[in-house]
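The values are calculated or read from the model by the stated rules, or taken from the named source; none is laboratory data. Remember, it's a predicted structure, so these values are computed and weren't measured experimentally. All Cβ positions, even for glycine, are placed from backbone atoms using ideal geometry, and neighbour counts span all protein chains on display.
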Amino acid sequence: MWRRDSGRTSVTEDVLPEALELKWTRELPQIEPAFHSSRLQFDAGYEPIVADGKLLLSSSRTDSVTAYDATTGRELWVYRTNGPVRFAPAVWEDSVCFGSDDGHLYCVELSTGELKWKHRAVPSERLLLGNRRLISVWPVRGGPVVSEGIVYFAAGVWPFEGVFVYAMDIASGKVIWRNERLGHIFGQQPHDTQAIGGLAPQGYLIVNDDELIVPCSTAYPARLNIADGTLLEFQLPAPGRFPGGWFAAIDKETSLAVRRGKLTFDKAINQQLHEDKVNAGHGVSGISRLIKTGKQTLKFDEPLEGVDGKIHSMIVAENRLFVSTEAGKIYCFGEQAAKASAKVIHWNEKRVELSESVKANEYASNLIQESGHQDGIAIVVGLSDGSLVKSLLKNSRYQLIVLDDNAMKVEQLRVTLQQAGIPGDRAAVIQADLKNLLLPQYLATLITTESPDRTQAMATELLQSLRPFGGLAVLGNNKIDTHNLNETTLGKFESGELNGQQVVRRVGALPGSVDYQGNYALAEDALVRFPLGVLWFDDTLAHFKRSPQPEFKGGVMISRPKDWSKERVRGDYSVDYPLLGPVLSDIYTGRVLDASEESKLRASLPDVGRKNPQQSYYHAPHQKTALHPEPPVAGQRTNPMTGKSELRVFPKTYGCDGGVDYGMFYTLRSGTPAFYDKTLESGTVFISGPRSGCTNSIIPSGGILNVPYFYEGCTCSYPLPTALSLVAMPESFEQWASWGDDAVEPDSIQRIGINFGAPGDRTTRDGTLWLDYPSVGGPSPKIRTKTIPENPDFHYRHSLWMNKDSVFPWIAASSAEGLQSFELEDLKPGAYTVRLYFSEGSTLNSGDRVQQIKINDQVVLNEFDIRETAGDSMREVVKQIENVQLDGSFSMTLNATHGKTLISGVELIRSE
């Protein structure tokens, strides 16, 4: 494994020969890490491991794992995936386990590279653009660790999208346990504040006796019970400006002396410049850059004879020393022979020029000319011979994403592109079920095909991935009714012709969207609405934390980061660093535009603030204090529970940004970036993971919620120092909020939902405020309730496992088991519609659970079998009872005739 064992101790009893000589080298292309911050560069270079005479290397450049003969350096086999492989594999007996950004864990045979099994971490094919690559929303970036025939790994980066930690049996590929509750934890954030957050697994997992350690990006790790995955400990450091990082390991000495080893960190990684001061967190400097073999300590930063360039990693195995450099070169040193040894073997990657036909080149040139853009993302759906792909690469600067369901065609093109030295961030070839593609919206400058007959049935869906303001689709002779399309889908589409083929262009802005003009003006973007899911994330464009707000025009963000490399005016905090020149970026992909793009827009921009220091803080006019603003009050609202008009107040914790009212959306820093959707009175929704700016940097514009990277110059342990944009999702999408701890007056509740086992509150567009029960997701209204027993068994499952036809899967996914009675007070007397929500897990069959339910002593469900009624496991069942007369209290009793009682939610709606 990486750093030898499951404790990542990097200590081996193997002893190197006294005299070494170079045996072989291999030149590999240099790897680009996912993130620019050194605190998050878990994948900055090749990390070799050796097992049974084979050296194994993962590559995020070629999206693969490759096995080489450890003695000669000869390539033995390659296994390619649908996304970057950013962590070293882990070997158990004859099995090689590794994760990919495509959301799968793979297990292949050590000797041949043949697939034994693979497991998709989450039952969804949804994709996003992450670190400039098309990946799963739930990439496997909790680097796998193996112990006693079990492999442990983590999937998911964004807590609010769901985080999943697994234990799987290597021999069978079966799940032993899965913890899916780790993304929704109301708890500590930096600066001793609180918000809904959770794990952001990026780093190599560690086995520490009976504990599983899960590194969490630039925060500190979580501890889980290794037997069942129960969370033992996780919290972000309470102090502000206290950095963590991706690296953790077990100290070998303490692990020998006690039952569990001491968890150690590297202070060289856990440090960062905070304006004019370097802040450091826990750790021993340099521990990540050394290994111990026998009585020797080998340090990566000390010169090694025969190695050119800076060393990235070293391992000792089979009496040999293997070295990888930052430039991508692999060295193997072995025992020096008594006589002159054999000649050193130098393996060099042979580059093969791409060959394209004249016809393909001409067609590609016409497409590029018709598009009007050399840059951006081009998608090719459906392969023939790859000639169009190669011609687009030759004639443009597009980043290409190629999709096909034919495994042989995909593999052939992957090999061709790798031999030509083209990395995955320039052209990625993905094997995908074309009938069930879930591409991100607004992604592509160009969508085309080599096989037009393959795209006919999916043409309408593909057009939703066209970028507004000119995205072009040429899909052969398919006839798409753009008039009908404009009436039924989101966008404006125009039809034309190119060489006898239909051309469809997405023109103008998205209907209902607006361009935010700055100066804290209204931005009533009708498309930005709760719930919201991640569209893309990337840290290429970084802003100093007190930079001024960006502006938006035609899908482009115009920002002027502060030049914090300049010396600040000492002692006067009202005067700050000057601005850099304007930077333009694509809001739909995060791509920073080349200087040749948007020339007219660039010419129209004033050059301001570059020579003079700026004001320290940029706040909305209503915010009177720089650092500790008052809680937000944003007009009046109708309380969903009572129907009464009241001030719109909602939870806000620490953050120097007091919030901005953009009209329909209020955004603020509340520990994490956060928002309140006024159109349905959402409560405070936390965008857990990054930090937003001291300047408000959570802005609805262009049909999406923009959260640019306003984190430079801050060393707090928010786990994800990156930008992201979010797009509206269906109401079935799982997302949670904290409504606020309002007092409830007697006889005032007219509409309410009780969501047993849920991790937070949630409002629906039809007007019900669903409260988590028990209240665990932050402040909730103080309702008066009583249950028997006092603490039944509450369960949570992520709604992704619910059947796709569920209307509100996030209600039915959680439950109370063994509940005998539930009482609710303070209802306004009258007639109510009562809805009861249920779903049955995958382990019970019809007849295993049968129950009777009474409301106010009246039987409403008798001999009720959830599984039999639903017809399947994890399928929502809703039972509605009309005209239930309530005199101010609601009483529900449950009695099981087989098994235990189970219920997910109760909704009460007063008829008047």
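The residue list Tyr577, Tyr520 contains one member that is buried (at least 22 other Cβ atoms within 10 Å of the Cβ) and modelled with pLDDT under 95, which is Tyr577. Among the numbered conditions (1) over 30 Å from the mean Cα position of the chain (by Cα); (2) within 24 Å of Thr218 (Cβ to Cβ); (3) among the β-branched types (Val, Ile, Thr), the only one that Val278 does not meet is (1).
Only one entry in Glu356, Glu302, Glu335 is out of contact with any strand residue (DSSP E or B) (no Cβ under 6 Å at 6 or more places or on another chain) and free of Cβ contacts under 8 Å to residues at least 12 places away in the same chain, namely Glu302.
Look through region 826-843, keep the residues that are surrounded by fewer than 16 Cβ atoms within 10 Å (Cβ to Cβ) and at pLDDT below 95, and return whichever of them is farthest from Trp801 (Cα to Cα). Looking at the filtered set, the residue picked out is Thr843.
Here the strands (runs of 3 or more DSSP E) wholly within region 79-158 that include at least 3 residues being among the charged types (D, E, K, R) are 115-120. Going by the conditions given, is Cys716 out of contact with any Ser or Thr (no Cβ under 8 Å at 6 or more places or on another chain), in the same structural domain as Pro621 (by TED's automatic domain parsing) and either without any contact (Cβ under 8 Å) to a residue 40 or more places away in the chain or buried (at least 24 other Cβ atoms within 10 Å of the Cβ) (or both)? Against the criterion (out of contact with any Ser or Thr (no Cβ under 8 Å at 6 or more places or on another chain), in the same structural domain as Pro621 (by TED's automatic domain parsing) and either without any contact (Cβ under 8 Å) to a residue 40 or more places away in the chain or buried (at least 24 other Cβ atoms within 10 Å of the Cβ) (or both)), Cys716 qualifies. Restricted to region 17-30, and to residues there that are at pLDDT 95 or above and part of a loop (DSSP other than H, G, I, E, B), the residue that is surrounded by the most Cβ atoms within 10 Å (Cβ to Cβ) is Leu28. For Arg3, the criteria (1) among the charged types (D, E, K, R); (2) assigned by TED's automatic domain parsing to the domain that holds Phe87; (3) in a loop (DSSP other than H, G, I, E, B) hold in every case but one, which is (2). Of all residues in region 80-96, those satisfying the criterion of being surrounded by 24 or more Cβ atoms within 10 Å (Cβ to Cβ) and not charged (D, E, K, R) are Gly83, Pro84, Val85, Phe87, Ala88, Pro89, Ala90, Val96.
Can you tell which of Leu510, Leu485, Leu498 is within 27 Å of Val137 (Cβ to Cβ) and either touching a Gly at 6+ places or on another chain (Cβ under 6 Å) or in contact (Cβ under 8 Å) with a residue 40 or more places away in the chain (or both)?
Step by step, each of Leu510, Leu485, Leu498 is checked, and only Leu510 is within 27 Å of Val137 (Cβ to Cβ) and either touching a Gly at 6+ places or on another chain (Cβ under 6 Å) or in contact (Cβ under 8 Å) with a residue 40 or more places away in the chain (or both).
The strands (runs of 3 or more DSSP E) found entirely in region 677-788 that carry 2 or more residues being over 26 Å from the mean Cα position of the chain (by Cα) and among the hydroxyl-bearing types (Ser, Thr, Tyr) are 785-788.
Is there a residue in region 234-257 that is over 17 Å from Pro759 (Cα atoms), touching a residue at least 60 places away in the same chain (Cβ under 8 Å), polar (S, T, N, Q) and touching an Asp or Glu at 6+ places or on another chain (Cβ under 9 Å)?
Going through region 234-257, the residues over 17 Å from Pro759 (Cα atoms) turn out to be 236-257.
With the extra rule that they be touching a residue at least 60 places away in the same chain (Cβ under 8 Å), the set shrinks to 236-237, 240-252, 255.
Going one step further and asking which of them are polar (S, T, N, Q), we end up with 255.
Remaining after also requiring touching an Asp or Glu at 6+ places or on another chain (Cβ under 9 Å): 255.
Among the residues of region 234-257, at least one is over 17 Å from Pro759 (Cα atoms), touching a residue at least 60 places away in the same chain (Cβ under 8 Å), polar (S, T, N, Q) and touching an Asp or Glu at 6+ places or on another chain (Cβ under 9 Å), which makes the answer yes.
When we screen Leu438, Leu383, Leu367 for residues that are part of a helix (DSSP H, G or I), under 24 Å from Thr589 (Cβ atoms) and hydrophobic (A, V, I, L, M, F, W, C), the only hit is Leu367.
Among the candidates Ile206, Ile226, single out the residue that is touching a residue at least 40 places away in the same chain (Cβ under 8 Å) and in contact with an Asp or Glu (Cβ under 7 Å, 6 or more places away or on another chain). Testing whether each residue is touching a residue at least 40 places away in the same chain (Cβ under 8 Å) and in contact with an Asp or Glu (Cβ under 7 Å, 6 or more places away or on another chain) leaves just Ile226. Does Leu462 count as touching a residue at least 12 places away in the same chain (Cβ under 8 Å), closer than 21 Å to Val534 by Cα and not in a loop (DSSP other than H, G, I, E, B)? Considered against the rule, which asks whether it is touching a residue at least 12 places away in the same chain (Cβ under 8 Å), closer than 21 Å to Val534 by Cα and not in a loop (DSSP other than H, G, I, E, B), Leu462 comes out as yes.
Is it fair to say Thr416 is closer than 21 Å to Arg126 by Cα, assigned to a helix (DSSP H, G or I) and of a type in the set (S, T, N, Q)?
No, not satisfied.
Only one entry of Pro29, Pro17, Pro48, Pro89 meets the criterion of being closer than 24 Å to Glu305 by Cα and either without any contact (Cβ under 8 Å) to a residue 40 or more places away in the chain or in contact with a Leu (Cβ under 8 Å, 6 or more places away or on another chain) (or both), and that entry is Pro48.
Just wondering, is there one or more residues in region 165-173 that are hydroxyl-bearing (Ser, Thr, Tyr) and farther than 28 Å from Asn803 by Cα? For region 165-173, residues hydroxyl-bearing (Ser, Thr, Tyr) and farther than 28 Å from Asn803 by Cα: absent. Considering only residues in region 336-360 that are surrounded by 10 or more Cβ atoms within 10 Å (Cβ to Cβ) and part of a strand (DSSP E or B), the one that is nearest to the chain's Cα centre (by Cα) turns out to be Trp347.
So that you can scan it fast, the table gives a plain yes or no per residue for (1) out of contact with any strand residue (DSSP E or B) (no Cβ under 9 Å at 6 or more places or on another chain); (2) outside any helix (DSSP H, G or I); (3) farther than 18 Å from Ala444 by Cα:
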residue: Gln549; (1), (2), (3): no, yes, yes
residue: Met557; (1), (2), (3): no, yes, no
residue: Ser565; (1), (2), (3): yes, yes, yes
residue: Leu584; (1), (2), (3): no, yes, no
residue: Ser596; (1), (2), (3): yes, yes, yes
residue: Val608; (1), (2), (3): no, yes, yes
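Selection of region 397-413 for residues being outside any loop (DSSP other than H, G, I, E, B), more than 26 Å from the chain's Cα centre (by Cα) and among the polar types (S, T, N, Q) yields only Gln412.
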